[in-house]
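To start, the structure itself, in structure tokens.
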Amino acid sequence: MQAPLRRAVSAAAATAPGRLRRAVFTATDSPPPCALIHRISSAAALPSGRASFSLAPPPFPSRITVPEHVFDLGADPREADCINTLGSGVHAASGEGLLLLTCFKVRYRAHPLSKLDLPVDVLFKIAPFKVVYQYFWRFVCNPISGELVRLPDFDGQDKVLGDQYLGLITESGGRNGPPERYAVAQLNDEDCEEGERRFVWRRFASETGEWVKLVMPSPLPPGRKMDLNHEVLAFGGRLWWVDVSWGAVSADPFSDRPELRSIELPAGSMLPDQEGYEVMKRLIKRRRMGVSEGKLRYAEVSSEEPFLIKLFTLDDESGGWTLEHQVPFAALVTRGGHCPVPLIGAIDPVNADILYLSIDREVNLAVNMRDKEVIGCSLLGDVRPTKNSSSFFLPCMFAPGLASSPIPGKKEVAKGKTLADILVRPGRDQKI
């Protein structure tokens, strides 16, 4: 590893975590323009009943902590030989700084035979646990104020984890102002009986508090299926669903008659044949799309040394890609005569010249592509790129005034209702 990078990593390791980030971010603080939010959030018994935000400047990760009451722990009585698993994650961000979260609760029951002294070959054939039930709840979150709004369930999605297909978009009343309305949309690529493909569109609007469902023809080449393993992007008044082997499909969630549009990746990046799961799992770690300085960007790194990094910008008029920078990673970092394999974490949302890459699942680097140098680094700690099919960081920008802005939508909550009533009542835009 080159000396400047070694010194930077050593400095990061020697710095106490409390000095790198605030323990809790409050509405009275002035937020920075952006953050890299760790996609796996945690839960805690928060006295305020709101989410808390552990904020750190990039390239350090920021974290969301949700209050334990969102899991509605008192709704189901305890059962013998059962355990509950709780979790939450951040799946999408709007251009003004609202986040889309999923919280889940899964109850497992131990197999009665798993406790017996049976031969090893018999035990291997027994599933140690059986799922008793599982619930998934989606929330819109203002990370600065901590406000949470639960989305109503739709089409049985409270029993299914399909949040890689969900995106969040907001619309503000003025330039750089806080959001005045939002929409959440899901796009699923499905087979038709005729052998063709179609997209199933589901959209929730904050103004109506309801979901709508549409079926639309696929704009992809015949027989092509989208592999949706990338977070959904909000850009240009549209949500963008990305397939890193082919391109992206977009639609306007605020339109009553949305139309799908598609763009292809740069010519040298498109893969002509549909790739399998294992190939796509590796590919997503080397390719990213993102929004920076008001434009759609695409970054990739080659699979072999010298690990050439390329950064492209989409031209709004022509719909074509322009190569902005290309830098061999081996020219930036070496170790023992070899270059460690870089994974692309994120494109900086404020400075389009900056990419975040990880090495050895331990260090996150900020690379200035224009100046061809490493400008910062952080230790990843328990942030692990392989824990997510998509990137381990979610870039997020914050609109001025977000701290004092309530999440838009219906605000009435029936009096006299218990928390359990509020959490499970369908068809409403529910505040917590």
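What follows is calculated from the coordinates using simple rules that are stated; it is not laboratory data. In this text the structure is predicted, and so the values were computed from the model without any measurement. Using ideal geometry, Cβ is built from the backbone for each residue, glycine included, and neighbour counts are taken over all protein chains shown.
Things to note:
- Kirkwood's formula applied to the C-alpha pairs of region 172-248 gives a hydrodynamic radius of 14.3 angstrom.
- When the C-alpha to C-alpha distance is required to be over 23 Å, the pairs from Lys105/Lys225; Lys105/Lys130; Lys281/Lys310; Lys285/Lys310 that qualify are Lys105/Lys225.
- Potential lengthening of the chain between Glu259 and Glu207 amounts to 16.7 nm, from the contour at 0.36 nm per residue minus the alpha-carbon distance.
- Ordering of 303-316, 235-248, 265-278 by burial proxy (mean other Cβ atoms within 10 Å per residue, highest first): 235-248, 303-316, 265-278
- q = 0.11 Å⁻¹, region 224-301: log10 I(q)/I(0) [Debye, one scatterer per Cα]: -0.28
- Estimated inter-spin distance, Ser48 and Arg370, nm [label 7 Å along Cα→Cβ]: 3.6 nm
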